[in-house]
1. Quick one: compute the contact order of the chain, relative version, from alpha carbon pairs under 8 angstrom and 6+ residues apart, as a percent.
2. Using only the Cα atoms of the chain, what semi-axes does the equivalent ellipsoid have when each is the square root of 5 times a gyration tensor eigenvalue? Give whole Å, largest first.
3. As a check on your grasp of the helix formula, calculate [θ] at 222 nm for the chain: sum -39500 (n - 2.57) over DSSP H runs of n ≥ 4, divide by the residue count, round to the nearest 500.
4. Mean shadow of the stretch 47-109, computed from the convex hull of its alpha carbons, in nm²?
5. Just the projected area, averaged over all directions, of the convex hull on the alpha carbon atoms of the stretch 2-41: how many nm²?
Amino acid sequence: MPRYLNRLGSYVLTWAALQRADCITPEVLRQGFAYADSQLRSQHLTPADYYVLELVLGKGSVSDETITLDDLERLKVREFNEVMPILEKLVQLDLLRRLPTEGAAEFGPSPLLLNEKPSGKTD
């Protein structure tokens, strides 16, 4: 979790510098969070990456136990294992995180993202 806090702080400070803010006010902090979210979502993602991200954000988490046949069909895969490379890529990009579980691999949204569905667009 410290990694996320450090990265989020970096985005907020970058935003504040871009805005030439004299101090970090609650409004600058809020805008910095939105800036972090937009920067993370604007990374080079494929349509399948966006679908998986939207799926996880919509469900709150995804695992091989919770993904549906419909979800797999939309991704044009047959098994959860075929989605794993996308999930791992999204973890590496700090868009998702692997949740601590004893059983199946489970993925949830990164704490760096706002609680909104991705639009696939950048500002």
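1. Result for the chain is 30 percent.
2. Working: eigenvalues 185, 45, 22 Å².
For the chain, the semi-axes come out at 30, 15, 11 Å.
3. So the helix-based figure for the chain works out to -15500 deg cm²/dmol.
4. 3.8
5. 2.6
Read the figures in this text as sums done on the coordinates, not as results from a lab. Model, not experiment: these values are computed from the prediction.
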